[in-house]
Amino acid sequence: MYLTEKIAYYPGCTAKSYAKYMDSTSRDVMKEFGIDLVELTRWTCCGTFYGLADDNLYSQLAPIRNMIRTREDGFTDLVTTCSMCYNTLKRANLLFKTDEEKAERLNAFMYEEKNYEEDVNVWHLLEIIRDKVDIEKITRKVVNPLKGLKVAPYYGCTLVRPEEISIDSNPEKPTILTDLIFALGAEPVEDPYMTECCGSYLTVKDKHLVADRTNKIIGSMTRRGAEIIMVSCPLCQFNLDRRQKQARELNPSLPEIPVVYFTQLMALALGMDYDKLGFKEHHVDPTIVLKKRKLLGTPEKVPIKVKK
Amino acid sequence: MELAGNDIKICYQCGECSGGCPESAVMDLLPNQVMHKIQLGDETVLKANTFWICSSCLVCSARCPKGIDIAKVMESLRELSLRSKKRYVELAELSKEDLEELPQIALISSFKKQTS
């Protein structure tokens with residue numbers, strides 16, 4: 001039995017609506033490993049993208065405020081599941097810790113709150129899984145191994161670039177998702193497109209460009225035999241899942257492939273009720289391939305070897 | 001052209017940025033051509049669609065052998081345009097269906113990068 005550890009949790013805006021099952025499965029999965037994700041009592045949008053302009057500090061204010069909120073709640077570690085939030089929070093935090101002059105100017109904006117003392121560390125949930133939970137322990141907790149399921153990991157950009165904040169020591173060929181796929185009992189299908197951008201915010205005005213990238217990324221992954229794509233970012237999920245409709249207008253022979261969050265697959269492998277994983281909300285329904293691989297069932301019905 | 005805080009002069013036109021860029025096929029000017037125009041002080045660079053099509057995926061910056069943060073240069077071109085009230089996305093032109101379908105993360109990031 002693990003001791004319960006509490007870590008401050010930053011859901012991010014989209015985790016409250018479009019990606020609500022990313023949020024719920026993150027909490028449920030971590031509970032299995034004795035980690036309680038405690039949502040910050042007050043939090044604001046991180047700004048989605050780290051502001052790159054040197055002369056403009058306004059986009060760093062929101063992330064730094066969230067660091068102060070973390071301290072107000074008595075925590076020094078802050079974890080998030082959304083890749084874009086992770087990137088924005090972590091880079092803003094890094095800027096604050098390395099640029100004294102900017103840090104001072106940012107603190108001058110904190111009228112209502114105490115100054116930020118550079119004492120918060122930002123984590124992605126995958127890092128917690130690797131460094132605090134240990135991927136080996138996951139294997140031991142798996143009651144419904146995803147046997148035979150060919151899973152393509154997809155990192156996108158914000159988990160691995162720039163190098164300073166990359167969750168993996170090799171940003172050009174990260175392995176953390178592959179390790180997780182092995183731990184869940186599935187077969188990883190690595191692909192050169194796994195760190196290629198999905199088109200991100202271009203999805204608002206230039207849908208056709210995103211559809212083209214979705215076509216390339218999914219086309220390459222399905223040619224290698226992938227049956228399902230695993231992501232950690234709600235925007236990657238949207239672009240790869242919903243934009244398949246537009247991608248199929250460009251290329252009618254593009255096969256359908258479901259796109260799920262890594263926490264959803266973890267929850268499934270840990271034996272949680274698949275009705276609660278939100279698969280019905282996806283544009284391409286993951287239950288078809290999961291049924292084919294005989295991976296769906298209530299925890300009681302899954303033929304499981306319980307390891308104690 | 002000083003916004004990026006980068007030494008643009010050190011670019012030696014190897015083209016690694018354009019090679020890695022996933023969207024270079026639809027850009028008026030390739031990222032390395034943008035760099036060259038900036039070196040020459042050619043302000044027509046602001047008329048190209050390159051920096052609006054850039055989705056800040058940072059592949060160019062990660063792979064530049066001279067260590068130039070090219071994504072930051074693109075951001076500064078966007079900022080220059082936005083500060084002179086030239087925007088790429090017009091909120092009023094977005095359809096109701098799109099607004100209902102798109103998640104916040106898409107809308108907020110697009111507004112942050114492409115509207116003033």
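Taken over the range B:22-63, the criterion of being in contact with an Asp or Glu (Cβ under 6 Å, 6 or more places away or on another chain) and either under 14 Å from A:Arg161 (Cα atoms) or in the same structural domain as B:Ile105 (by TED's automatic domain parsing) (or both) is satisfied by B:Ser61, B:Arg63. What residue, among those in the range B:95-116 that are at the interface with chain A (Cβ under 7 Å from one of its Cβ atoms) and in a loop (DSSP other than H, G, I, E, B), is surrounded by the fewest Cβ atoms within 10 Å (Cβ to Cβ)? So the residue we want is B:Pro103.
Filtering the range B:6-14 for residues that are over 30 Å from A:Cys45 (Cβ atoms), surrounded by fewer than 22 Cβ atoms within 10 Å (Cβ to Cβ) and at the interface with chain A (Cβ under 9 Å from one of its Cβ atoms) leaves an empty set. Here A:Thr203 meets each of (1) within 16 Å of the chain's Cα centre (by Cα); (2) surrounded by 20 or more Cβ atoms within 10 Å (Cβ to Cβ) with one exception, condition (1).
For A:Ile7, the conditions (1) part of a loop (DSSP other than H, G, I, E, B); (2) buried (at least 17 other Cβ atoms within 10 Å of the Cβ) are fulfilled apart from (1). Of the numbered criteria (1) within 30 Å of A:Lys31 (Cα to Cα); (2) among the aromatic types (Phe, Trp, Tyr); (3) part of a loop (DSSP other than H, G, I, E, B); (4) more than 14 Å from chain B (Cβ to nearest Cβ), the one A:Trp123 fails is (3). Right, A:Phe109: of a type outside the set (Val, Ile, Thr), over 15 Å from the mean Cα position of the chain (by Cα) and modelled with pLDDT of 95 or more or not? In short, no.
State whether the residues of the range B:58-69 include one that is away from every other protein chain (no Cβ under 13 Å), more than 18 Å from A:Thr48 (Cβ to Cβ) and either among the polar types (S, T, N, Q) or not in a loop (DSSP other than H, G, I, E, B) (or both). Looking for residues that are away from every other protein chain (no Cβ under 13 Å), more than 18 Å from A:Thr48 (Cβ to Cβ) and either among the polar types (S, T, N, Q) or not in a loop (DSSP other than H, G, I, E, B) (or both), one finds none in the range B:58-69, hence no.
Give the range A:212-233 a look and list any residue that's of a type outside the set (Val, Ile, Thr), part of a helix (DSSP H, G or I) and crowded, with 23+ Cβ neighbours inside 10 Å, or say none.
Of all residues in the range A:212-233, those of a type outside the set (Val, Ile, Thr) come to A:212-213, A:215-216, A:219-221, A:223-227, A:230, A:232-233.
Checking which are part of a helix (DSSP H, G or I) leaves us with A:212-213, A:215-216, A:219-221, A:223.
A:Arg213, A:Met221 - these are the residues of the range A:212-233 that are of a type outside the set (Val, Ile, Thr), part of a helix (DSSP H, G or I) and crowded, with 23+ Cβ neighbours inside 10 Å.
Screening A:Leu57 with (1) out of contact with any Asp or Glu (no Cβ under 8 Å at 6 or more places or on another chain); (2) modelled with pLDDT of 95 or more; (3) among the aliphatic types (A, V, I, L, M); (4) under 23 Å from B:Ser76 (Cα atoms) gives one miss only, at (2).
Do we find that A:Tyr86 is out of contact with any Pro (no Cβ under 9 Å at 6 or more places or on another chain), buried (at least 24 other Cβ atoms within 10 Å of the Cβ), of a type outside the set (D, E, K, R) and within 23 Å of B:Cys57 (Cβ to Cβ) in this structure?
In short, yes.
Regarding A:Glu227, is this residue modelled with pLDDT of 95 or more and under 23 Å from A:Leu159 (Cα atoms)? It is true that A:Glu227 is modelled with pLDDT of 95 or more and under 23 Å from A:Leu159 (Cα atoms).
This table checks each residue for (1) in contact with a Cys (Cβ under 8 Å, 6 or more places away or on another chain); (2) assigned by TED's automatic domain parsing to the domain that holds A:Gln264; (3) touching a residue at least 12 places away in the same chain (Cβ under 8 Å).
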{"residue": "A:Gly12", "(1), (2), (3)": "yes, no, yes"}
{"residue": "A:Ser17", "(1), (2), (3)": "no, no, no"}
{"residue": "A:Val29", "(1), (2), (3)": "no, no, yes"}
{"residue": "A:Glu32", "(1), (2), (3)": "no, no, yes"}
{"residue": "A:Val38", "(1), (2), (3)": "no, no, yes"}
{"residue": "A:Thr41", "(1), (2), (3)": "no, no, yes"}
{"residue": "A:Asp54", "(1), (2), (3)": "no, no, no"}
{"residue": "A:Arg65", "(1), (2), (3)": "no, no, yes"}
{"residue": "A:Ile68", "(1), (2), (3)": "no, no, yes"}
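One residue stands out in the range A:28-64 among those that are in a loop (DSSP other than H, G, I, E, B) and polar (S, T, N, Q): the one that is surrounded by the fewest Cβ atoms within 10 Å (Cβ to Cβ), namely A:Thr41.
Listed here are the residues, each with its yes/no results for (1) assigned to a helix (DSSP H, G or I); (2) not polar (S, T, N, Q).
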{"position": "A:Lys137", "(1), (2)": "yes, yes"}
{"position": "A:Pro145", "(1), (2)": "no, yes"}
{"position": "A:Gly156", "(1), (2)": "no, yes"}
{"position": "A:Ser200", "(1), (2)": "no, no"}
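Selection over the range A:202-232 of residues that are more than 8 Å from every other protein chain (Cβ to nearest Cβ), within 25 Å of A:Cys13 (Cα to Cα) and not hydroxyl-bearing (Ser, Thr, Tyr) gives a count of 6. On the given criteria, is A:Glu112 farther than 24 Å from A:Lys20 by Cα, part of a loop (DSSP other than H, G, I, E, B) and in the same structural domain as A:Tyr21 (by TED's automatic domain parsing)? So A:Glu112 fits the description; yes. Scoring B:Glu43 on the criteria (1) acidic (Asp, Glu); (2) more than 29 Å from A:Asn239 (Cα to Cα); (3) within 13 Å of chain A (Cβ to nearest Cβ) leaves a single failure, condition (3).
Just wondering, is there one or more residues in the range A:80-100 that are among the hydroxyl-bearing types (Ser, Thr, Tyr) and touching a Lys or Arg at 6+ places or on another chain (Cβ under 8 Å)? Let's see the steps before the verdict.
Initially, the range A:80-100 is screened for residues among the hydroxyl-bearing types (Ser, Thr, Tyr), giving A:80-81, A:83, A:86, A:88, A:98.
Right, trim to touching a Lys or Arg at 6+ places or on another chain (Cβ under 8 Å) and you get none.
There is no residue in the range A:80-100 that is among the hydroxyl-bearing types (Ser, Thr, Tyr) and touching a Lys or Arg at 6+ places or on another chain (Cβ under 8 Å).
Filter the range A:158-180 down to residues that are part of a loop (DSSP other than H, G, I, E, B) and acidic (Asp, Glu) and give me whichever is nearest to the other protein chains (Cβ to nearest Cβ). Per the stated criteria, the residue is A:Glu172.
The values are calculated or read from the model by the stated rules, or taken from the named source; none is laboratory data. Owing to the predicted nature of the structure, the values given are computational and were not obtained by experimental measurement. Glycine also receives a Cβ, built like all others from the backbone with ideal geometry; neighbour counts cover every protein chain displayed.
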